[in-house]
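Here is the structure we will look at.
The values are calculated or read from the model by the stated rules, or taken from the named source; none is laboratory data. As the structure is a computational prediction, the values presented were derived from the model and not from experiment. Every residue, glycine among them, receives a Cβ derived from its backbone with ideal geometry; neighbour counts consider all protein chains shown. Ligands, DNA and RNA are excluded from the accessible area calculation, which covers all protein heavy atoms including side chains. Shrake-Rupley method; radii C 1.70, N 1.55, O 1.52, S 1.80 Å.
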Amino acid sequence: MAVETRPVALVTGASAGIGEAAARALVGAGFTVYGTSRRAAAGETRGGVVFLPLDVTDDVSVAGAVREVLERSGRIDVLVNNAGIGSSGASEESSVAQDQIVFDVNVFGLMRMTKAVLPHMRAQGAGRIINISSVGGFAPQPFMAAYVATKHAIEGYSESLDHEVREHGVRVLLVEPFNTNTPFDANVVRADSPLPIYAEHRRIFDDVLAAAMRGGDDPAVVGKTIVAAATDRKPKLRYPAGPRAGRISVLRRIVPARTFDKSVRKLNRLAA
């Protein structure tokens with residue numbers, strides 16, 4: 001088994017959007033980078049990134065991808081847990097089975113990857129696990145309740161786990177993007193039992209989300225933030241990605257709850 005002299009990063013969901021930007025930015029920062037997607041051909045190289053097939057909802061697939069990286073490079077210094085899916089529609093309109101799909105990818109998939117790399121990072125006495133959260137990890141977003149719940153879960157899991165592994169040289173960090181110009185809005189789990197009472201608000205939400213994505217930050221902004229989390233000598237627990245994410249993070253902490261609540265309703269065109 002060869003051992004890389006350069007640091008090694010593994011990025012899930014690296015075929016497009018934030019994951020692709022993160023992988024490219026890490027290559028530019030001097031990392032050997034492995035990217036994953038469900039449909040990748042093993043060993044395929046794009047832009048200096050070596051791709052591996054991976055389904056984060058499958059234990060065998062996760063173990064196989066991590067084993068492949070270790071066999072090729074002998075180490076994993078950074079794991080970027082980026083693979084994820086969204087949800088759309090009123091919570092009442094989605095079955096529990098649909099909500100479980102979102103949680104299995106966004107939360108349990110992240111946990112599977114984390115559990116797979118932790119033994120190796122502990123053994124080498126160093127490593128960073130960077131979990132892609134969202135402004136939705138600390139702020140509400142109506143008509144995306146399951147997705148937002150997964151991001152809240154990621155925040156709690158990451159902060160708690162970071163305390164457990166820090167003494168072993170491993171850090172668990174959060175990157176929190178706001179709206180990003182990616183195809184996110186086209187790749188969401190949509191409600192399987194739509195109700196007429198929510199139809200108008202659902203339509204408005206779809207329009208608001210599509211406009212927000214089009215006007216969102218370039219994924220490269222998030223990629224740059226991920227590199228900072230991977231390389232900062234004294235890393236922070238949370239990295240808001242971009243100035244708007246940073247502003248919302250500050251506002252969530254200092255603005256009175258009633259005022260923040262009103263702003264959420266106004267943004268989503270909901271009755272006061």
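Examine the stretch 210-228 for a residue that is touching a strand residue (DSSP E or B) at 6+ places or on another chain (Cβ under 8 Å), open to solvent by 60 Å² or more (accessible area, probe 1.4 Å), farther than 19 Å from S15 by Cα and modelled with pLDDT of 95 or more, and state whether such a residue exists. No, the conditions are met nowhere in the stretch 210-228. Only one entry of A29, A25, A14, A40 meets the criterion of being under 21 Å from N187 (Cβ atoms), modelled with pLDDT of 95 or more and either out of contact with any strand residue (DSSP E or B) (no Cβ under 8 Å at 6 or more places or on another chain) or surrounded by 14 or more Cβ atoms within 10 Å (Cβ to Cβ) (or both), and that entry is A14.
Within the stretch 229-243, count every residue that is in a strand (DSSP E or B) and open to solvent by 70 Å² or more (accessible area, probe 1.4 Å).
1
I'd like to know if the stretch 181-190 contains one or more residues that are of a type in the set (S, T, Y), in contact (Cβ under 8 Å) with a residue 40 or more places away in the chain and either farther than 27 Å from G35 by Cα or part of a strand (DSSP E or B) (or both). Can you show your working first?
Initially, the stretch 181-190 is screened for residues of a type in the set (S, T, Y), giving 182.
Still in the running and in contact (Cβ under 8 Å) with a residue 40 or more places away in the chain: 182.
Within this subset, residues satisfying the condition of being either farther than 27 Å from G35 by Cα or part of a strand (DSSP E or B) (or both) are none.
No, because not a single residue in the stretch 181-190 is of a type in the set (S, T, Y), in contact (Cβ under 8 Å) with a residue 40 or more places away in the chain and either farther than 27 Å from G35 by Cα or part of a strand (DSSP E or B) (or both).
If you check E164, E155 for being free of Cβ contacts under 8 Å to residues at least 24 places away in the same chain, charged (D, E, K, R) and in contact with a helix residue (DSSP H, G or I) (Cβ under 7 Å, 6 or more places away or on another chain), only one passes: E155. Considering F143, F184, F138, F178, the condition of being crowded, with 18+ Cβ neighbours inside 10 Å and under 16 Å from S91 (Cβ atoms) is satisfied by F143 alone. Within the stretch 244-272, the set of residues being of a type in the set (A, V, I, L, M), surrounded by 13 or more Cβ atoms within 10 Å (Cβ to Cβ) and not in a loop (DSSP other than H, G, I, E, B) comprises A245, I248, L251, V264. Within the stretch 83-97, the set of residues being open to solvent by 40 Å² or more (accessible area, probe 1.4 Å) and out of contact with any helix residue (DSSP H, G or I) (no Cβ under 6 Å at 6 or more places or on another chain) comprises E92, V96, A97.
Being farther than 22 Å from H152 by Cα and surrounded by 15 or more Cβ atoms within 10 Å (Cβ to Cβ) is a property that holds for V49. When residues in the stretch 118-134 are screened for being surrounded by fewer than 23 Cβ atoms within 10 Å (Cβ to Cβ) and in a helix (DSSP H, G or I), 6 of them pass. For the stretch 29-54, a residue qualifies if it is closer than 24 Å to G216 by Cβ and in contact (Cβ under 8 Å) with a residue 60 or more places away in the chain, and exactly one does: A29. Scanning the stretch 227-256 for residues that are closer than 24 Å to L209 by Cβ and over 25 Å from the mean Cα position of the chain (by Cα) gives a single hit, V255.
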